[in-house]
Amino acid sequence: MENIYQKLRKISLFSFFDEQALSELLPEDRMYVRHYISGNVIAFSDDPVESLYCLTQGECRGEMLDFSGRSFTVEAIYAPDTVASAFLFATENRFPVNVVAVTSCEIVLIPRDFIFMLIAQNPEFIRMIIRDITDRTVFLAKKIQMLSFRTIRQKLVRYLLSLRKNQSLNVHVPVTREAMADLFNVERPSVSRVLSELNREGLIVVKGRTIELKNLQKLNEILIDV
């Protein structure tokens, strides 16, 4: 069975520490381990963020309510990873969303004072935590951009285009259609319907989770269609 330090080292933020160094910097009796089952609320919106939440097991997600009262997923988080790290140092250091366990989860809480100590003593840790926070900010900016599109068609096309790498016309979709539906704040059948429409129109070819982009010009025109 893995100990707490072995689990933490799987999170990129702590990966450069060896187990001995981590145990000296973070006494086990100053950290808190919490377990949740599927459906449990890990944190409520507006709860203070006073510790770094480290997801060492399971999957959780950040949820918000839209104007109709429907819950939608802002971010899905899979172990090993941190949760809400960008808000730990904010002036208003509160959870902006509810954090809910999707599966059985284990969370290790590291008090903020210890994170400040790690920052003061380890230049490499500064680089890692800046990257972690910046990656979260980039993700949220992309999420806001996605929600700014009016139609499911626009949201789906923007998502597919964002997956392009090295100018390739074949993109791999890393998530399920259900997860895409959560990302776009729509129902799953709507995602399948629009994918089928784009496929029939010859704009894409769907091959499981691999999608070939057949007509970039027309796909980009969809984004600017008002």
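We did not get these values from a lab; they are worked out from the coordinates using the rules stated. All figures in this text were calculated on a predicted structure; none of them were measured in a lab. Cβ sites come from the backbone with ideal geometry, for glycine too, and all protein chains shown count toward neighbours.
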Region 48-93 - Kirkwood radius from inverse mean 1/r over Cα pairs (Å): 11.9 Å
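Given the pairs K7/K155; K143/K214; K10/K207; K142/K207; K143/K165; K10/K143, which are separated by over 31 angstrom at their Cα positions?
K7/K155; K10/K207
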Calculate the length of the line joining the C-alpha centroid of region 1-63 to that of region 154-226, in whole Å. 35 Å
How charged is the neighbourhood of L88? Take every other residue with its Cβ under 13 Å from the Cβ of L88, and add Lys/Arg as +1 and Asp/Glu as -1. -2
What distance in nm lies between label points placed 7 Å from Cα along the C-beta direction at I144 and S168? 3.1 nm
Estimated translational D of region 152-224 in µm²/s (Stokes, Kirkwood radius over Cα pairs; 10 °C; 1.306 mPa s): 131 µm²/s
Whole-Hz Karplus ³J(HN,Hα) for region 200-216, in order, using 6.51 cos²θ - 1.76 cosθ + 1.60 and θ = phi - 60°, x for Gly and Pro? 5, 7, x, 7, 9, 10, 8, 10, x, 8, 9, 10, 8, 8, 8, 9, 5
May I ask you to derive the FRET efficiency for D46 and L25 from their Cβ-Cβ distance with R0 = 45 Å, giving the value to the nearest 0.05? 0.90
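Within region 1-73, list the trypsin sites (Lys or Arg not before Pro) lying in a DSSP loop whose Cβ has at most 13 other Cβ atoms in a 10 Å radius.
On the way: sites: K7, R9, K10, R30, R34, R61, R70; in loops: R9, K10, R70.
Counting only loop positions with at most 13 other Cβ atoms within 10 Å, the trypsin sites (Lys or Arg not before Pro) in region 1-73 are R70.
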Checking a compactness column here: for region 4-144, what do you get for Rg(Cα) / (2.2 N^0.38 Å), N being the number of residues? 1.04
Those GluC sites (Glu not before Pro) in region 153-226 that DSSP places in a loop and that have at most 15 other beta carbons within 10 Å: E187, E201
Can you give the FRET efficiency to the nearest 0.05 for V33 and D113, using r as the Cβ-Cβ distance and R₀ = 22 Å? 0.75
Could you list the residues of region 136-167 with an amide nitrogen less than 13 Å from a label point located 7 Å from the Cα of E201 in the Cα-to-C-beta direction? 151-158
